[in-house]
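Chemist: Structure incoming, see below.
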Amino acid sequence: MHSNTARRRLLKAGAALAASAMLAGCGFHLRGPQPLAFSTLHVSVSEFSDLGSAIRRKVENSGTTTVTENAGKAEARLQILANERGREILSLTSSGTVREYQLTQRIRFRLIDNKNVELIPPTNISGQREYTFDDEEVLGKEQEEALLYRDMQADLVQQIMRRLAAYRRPQ
């Protein structure tokens, strides 16, 4: 009996080792902090807003850039030109009550340097989520909607960070 258990463990360990070797061989690696091409950044949205604090946290975690609240001292400035949320009805029941909603969020931003030269032109990014609605579970559905907005915003902040990380100074 012990030999079967030991054999299974050995096979599982071998399979895990082979899978990790295959992933390493294909160039796969977990996405960590992404270095940015500037040492200081000003973010033009309040640090007390959900969006502002999320962007600041990601920039600080980049390891290469610090956020400054003084726009004049920043090497680059991230300007949030629009941050809009919406909710649309997707479908109704036969009695005319809402069955599904679609949530949307659109962020428009640009990146300029300390001489007002545009580094990244005005860019739109957006996300959407859908959820079913039930009049009998209003409180739970409000919480679900808030959670979906948070998730969508986290995705949009990641998209902003990828665009900031992709910017490279002209040589």
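Chemist: For the range 68-111, compute the orientation-averaged projected area of the C-alpha convex hull (one quarter of its surface), in nm².
Modeler: Averaged projected hull area, Cα only: 4.1 nm².
Chemist: How many percent of the accessible area of the range 33-164 is carbon or sulfur, using a 1.4 Å probe?
Modeler: Using a 1.4 Å probe with all protein chains present, the range 33-164 comes out at 46 percent carbon and sulfur.
Chemist: Still on this structure, please answer the following. Kindly write out, for the range 101-108 in residue order, the coupling ³J(HN,Hα) from the Karplus curve 6.51 cos²θ - 1.76 cosθ + 1.60 (θ = phi - 60°), rounded to whole Hz, with x marking Gly and Pro.
Modeler: 3J(HN,Hα) across the range 101-108, in whole Hz: 10, 10, 9, 9, 9, 10, 10, 10.
Chemist: Hand me the GluC sites (Glu not before Pro) from the range 40-70 located in a DSSP loop with no more than 10 other Cβ atoms within 10 Å, in residue order please.
Modeler: E69
Chemist: May I ask you to give the solvent-accessible area per residue for the range 33-164, in square angstrom, as obtained with a 1.4 angstrom probe?
Modeler: Each residue of the range 33-164 exposes 55 Å² on average to a 1.4 Å probe.
Chemist: Another question, if that's okay. Could you pull the Rg and Dmax for the range 33-164, using just the Cα atoms, both in Å?
Modeler: 17.9, 59
The values are calculated or read from the model by the stated rules, or taken from the named source; none is laboratory data. The structure displayed is predicted, hence computed values, not measured ones. We place every Cβ from the backbone using ideal geometry, glycine too, and count neighbours over all the protein chains shown. Note: accessible area is taken over every heavy atom of the protein model, side chains too, but ligands, DNA and RNA are not part of it. Shrake-Rupley method; radii C 1.70, N 1.55, O 1.52, S 1.80 Å.
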